[in-house]
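The values are calculated or read from the model by the stated rules, or taken from the named source; none is laboratory data. Being a predicted model, the structure only gives us computed values, none of them experimental. Glycine also receives a Cβ, built like all others from the backbone with ideal geometry; neighbour counts cover every protein chain displayed.
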Amino acid sequence: MIIKNNMTEVPLEYYKEQFAAMDPVMLSAKSGVEYKDGAFRSVFLGRPVKLVWPDMDCFYTDDGSKASSACAILFARLVMNGTLAPVSEDMISYPEIPWGEQYRVQFSGLCNGRLARSFGKDLDAFEAAAARIGAKKVPGADSSVEFELFPGIRVRISIWKGDEEFDANAQVLFSRNILAAFDANDVAHAAIIFIDAMKGRW
């Protein structure tokens, strides 16, 4: 299944070999991600982050902690395959991403269902968790927040609170410019990463 492959079944070493074989200056020019002092530098979920070339080690520079392998792969895939496109006001759902419709059910379980189960009965906990990744409240649903995945790539999470009659529900939307940066597989894994970060697991 495609959603599993990029960041769980394909070894980290595969991406490291790809990354090391490429010209970092060329990658920076193509992707729009700054390359300085031997590392790509950006902001990920509100935290400054660097991806070292050629080793593909990834660190949060606010405290020096090492990012997870999944974060390193996502950042590397951005600089190798994507582009930070201009900010887009238009928001799209996961099924609107190419190949997203085929994996809508899987994404719903990985992301929407997980958010609803985790936060659907406690909106204060949801908003506190969202604040960990730099999210701000916006109008919509019983509680909605927005944050940037990488600069200019916005994500909106909306939660409808559950009660005795109805289960909680969640929706995740992405700014349309995410299409220039990532494919459906990457977006699914990005969702896993930001939900983990909301729970304090960076």
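Would you say Asp62 is surrounded by fewer than 16 Cβ atoms within 10 Å (Cβ to Cβ), free of Cβ contacts under 8 Å to residues at least 24 places away in the same chain, more than 20 Å from Ser31 (Cα to Cα) and over 15 Å from the mean Cα position of the chain (by Cα)?
yes
Go through (1) surrounded by fewer than 16 Cβ atoms within 10 Å (Cβ to Cβ); (2) over 16 Å from the mean Cα position of the chain (by Cα) for Ala131 and report which single condition fails.
(2)
Count, please, the residues in region 95-146 that happen to be charged (D, E, K, R), out of contact with any Asp or Glu (no Cβ under 8 Å at 6 or more places or on another chain) and within 13 Å of Ile159 (Cα to Cα). Spell out how you get there, then give the answer.
The initial filter retains those residues of region 95-146 that are charged (D, E, K, R), namely 96, 101, 104, 114, 117, 121-122, 124, 127, 132, 136-137, 142, 146.
Subset that is out of contact with any Asp or Glu (no Cβ under 8 Å at 6 or more places or on another chain): 96, 101, 104, 114, 117, 121-122, 124, 127, 132, 142, 146.
Now restrict to residues that are within 13 Å of Ile159 (Cα to Cα): 114, 117, 121-122, 124, 127, 142, 146.
Total satisfying the criteria: 8.
Would you point out which residue out of Ala168, Ala190 is of a type in the set (Gly, Ala, Ser) and under 21 Å from Val49 (Cα atoms)?
After applying the criteria, what remains is Ala190.
So for region 95-109 (the condition being among the small types (Gly, Ala, Ser) and farther than 20 Å from His189 by Cβ), does at least one residue qualify?
Our first condition is that a residue be among the small types (Gly, Ala, Ser); within region 95-109, this holds for 100, 108-109.
Okay, now just the ones that are also farther than 20 Å from His189 by Cβ, so none.
For region 95-109, residues among the small types (Gly, Ala, Ser) and farther than 20 Å from His189 by Cβ: absent.
Looking only at helices (runs of 4 or more DSSP H) that fall completely inside region 33-119, which ones have 1 or more residues that are outside the structural domain of Phe174 (by TED's automatic domain parsing) and aliphatic (A, V, I, L, M)? I'd like the intermediate steps shown before the answer.
Working: elements: 69-81, 104-107, 114-119.
By residue number, 69-81.
Could you give me the residue pairs with C-beta distances under 6 Å whose first residue belongs to region 160-184 and is assigned to a helix (DSSP H, G or I), whose second residue is among the polar types (S, T, N, Q) wherever it lies, and which are 6+ apart or on separate chains?
Partner pairs satisfying both residue conditions: Ala180/Thr83.
Looking for whichever is in contact (Cβ under 8 Å) with a residue 60 or more places away in the chain and surrounded by fewer than 20 Cβ atoms within 10 Å (Cβ to Cβ) here; the options are Gly140, Gly152. Which one fits?
Sole residue among the options that is in contact (Cβ under 8 Å) with a residue 60 or more places away in the chain and surrounded by fewer than 20 Cβ atoms within 10 Å (Cβ to Cβ): Gly152.
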